[in-house]
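Below is one structure, written out as structure tokens, with a few remarks after it.
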Amino acid sequence: MKTQVIDIKTEYEKALSLSSKLLNDGEVVAIPTETVYGLAANAFDENAVKKIYAAKGRPSDNPLIVHISKYDELAPLVTEIPEKVKIMTDRFWPGPLTMIMKKSDKISATVSGGLDTVAVRMPENKYARAIIECAGVPVAAPSANLSGSPSPTNAKYVFSDMNGRIPLIIDGGPCKIGVESTVISFAGESPVLLRPGGVTLEEMKALIGEVKVADAVLNDLKEGETAASPGMKYKHYAPKADITVVKGSLSKFIDYIKDKECFALCFEGEEQYFDNCITYGKKEDSFSEANRLFDALRELDEKGAKKVYARCPDLSGMGLAVYNRLIRSAGFNIIDL
Ligand code: TXA
Ligand code: MG
């Protein structure tokens, strides 16, 4: 299959008409969002959704997020909209927030990964919403990477993973946020954070009160344990290089790796201390770290890094999302100096 790339900034009408045609024909189209690029298909077309799993090489029990362009599109997807979800949508939609509710019959088991719930998000990116609106259907869309690889934050990385696998990539420029949306479940008694992201735990608690944090956000699942969110049990975000996250001060970090043949994944301004390094944003600026992390992981591969030691981010605000992705990319290889 030949993969076409259209720049929606310069070819707006063409991008919308072709993506709409392909989505309505049951094909898969890569689209920009403010978090990461997504691999979209008509959420109501099971065969189209199956093509997403095939293109990604994704296990079929890992459910997809359904993306909508208007609030009215939510009600038909779920059995009911809980009061707290309404409060959250008022404040955070459109935006990097995915909410899980009990699914309606309109959502197939292919989309829900066999669960009785559905994850829904209204992206902020204006191109994403225009594409969904023009197609006239909600789209199921996981991140547009091959299963296990870092999520793509620009069209170049989508192309390197998806070339030959899908007919169209819509290039909307670099993603503003750079890590995937926050995933929070409202399907149970009380809200549970399943994946930290662009909307922070602190912001959500301030708005709706208590939010539990699923164990898998900060820890590896033990053998036999079931994940609240199936995605958390799979290997994730991993570059080819072997990564170790190192907790502790900069001086201890420098000392620890000084005689090792390795790359440092460090913060801006620390380059002078290392022969080989890639930076991922500024220390104590978790927004910049989120923005750089997945690109930095791919750049380590491009530089042929084999062994990488990573500086550890702060865990507050967006830092929780950065840390959650980084420890997964490291296969939970963490040392504390
Ligand atoms: O920012 C994002 O959320 C991006 C863009 C494209 O919107 N999408 C994304 O999708 O990251 P994906 O498939 O890579 O991650 C979705 C996560 C997975 O960990 C999946 O297991 C979880 O959400 N998930 C989806 N539906 C779920 C459900 N019904 N119950 C529990 N977890 C669910
Ligand atoms: Mg993903």
Q. Quick one: LEU218, LEU77, LEU18, fewest Cβ neighbours within 10 Å first, how do they rank?
A. LEU218, LEU18, LEU77
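Once you sort the root eigenvalues of the Cα gyration tensor of region 109-175 as a ≥ b ≥ c, which label holds: rounded (a/c under 1.5), prolate (a/b larger than b/c) or oblate (the other case)? The partial results should precede the final answer.
Working: a/c = 1.83, a/b = 1.21, b/c = 1.51.
Here region 109-175 falls in the oblate category.
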Q.
Let me check against my output: what whole-number percent is the relative contact order of the chain, with C-alpha pairs under 8 Å and at least 6 apart?
A. 19
**Q.** the chain: most fluctuating residue of VAL118, VAL192, VAL179 per GNM, C-alpha cutoff 10 Å
**A.** VAL192
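Helix-only mean residue ellipticity at 222 nm, the chain, DSSP H runs n ≥ 4 weighted -39,500 (n - 2.57), per residue, nearest 500. What is it?
Numbers: 10 runs with 100 residues, N = 337.
That comes out to -8500 deg cm²/dmol.
Would you mind getting me the FRET efficiency between ASN24 and ASP314? Use the beta-carbon distance for r and R0 = 56 Å, nearest 0.05.
Working: r = 45 Å, r/R0 = 0.81.
FRET efficiency, ASN24 to ASP314: 0.80.
May I ask which of LYS247/LYS306; LYS282/LYS303; LYS50/LYS205; LYS56/LYS258; LYS102/LYS205 have a Cα-Cα span longer than 28 Å here? Before the final figure, lay out the partial values.
Numbers: LYS247/LYS306 20 Å; LYS282/LYS303 21 Å; LYS50/LYS205 36 Å; LYS56/LYS258 38 Å; LYS102/LYS205 22 Å.
As for pairs spanning more than 28 Å Cα to Cα, those are LYS50/LYS205; LYS56/LYS258.
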Q. What's the center-to-center distance, using Cα atoms, between region 1-61 and region 146-161 in Å?
A. 14
Q: Please give the helix 286-302 orientation as an angle from the longest Cα principal axis of the chain, in degrees from 0 to 90, rounded to the nearest 10.
A: 80
Q.
Between LYS50 and GLN272, what's the calculated FRET efficiency when r is the beta-carbon distance and R0 is 51 Å? Round to 0.05.
A. 0.50
**Q.** Label zone at LEU250, where the point sits 7 Å out along the Cα-to-Cβ direction: region 285-300 residues whose backbone N lies under 14 Å
**A.** 285
Q.
If I histogram all Cα-Cα distances within region 79-223 using bins 10 Å wide from 0, what percent of pairs lands in each bin?
A. 10, 36, 38, 16, 1
Q.
Test of understanding: what is the full-extension gain from LYS212 to LYS2, defined as 0.36 nm times their sequence separation minus their Cα-Cα distance?
A. 71.1 nm
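What is region 29-77 by shape, rounded, prolate or oblate, if you read a ≥ b ≥ c off the alpha carbon gyration tensor as root eigenvalues and call it rounded for a/c under 1.5, prolate for a/b larger than b/c, and oblate otherwise?
Values: a/c = 2.01, a/b = 1.34, b/c = 1.50.
Here region 29-77 falls in the oblate category.
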Q.
What do you get for the angle between helix 126-135 and the principal long axis of the chain? Use alpha-carbon atoms, 0 to 90 degrees, nearest ten.
A. 30
Q.
I need the calculated FRET efficiency for the pair GLU261 and ASP61, taking r as the beta carbon distance and R₀ as 56 Å, to the nearest 0.05.
A. 0.90
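Every number here is computed from the coordinates shown, using simple stated rules; none is lab data. Here the structure is a predicted model, which is why all the values come from computation and not from measurement. Backbone-built Cβ (ideal geometry, glycine too); neighbour counts: all protein chains shown.
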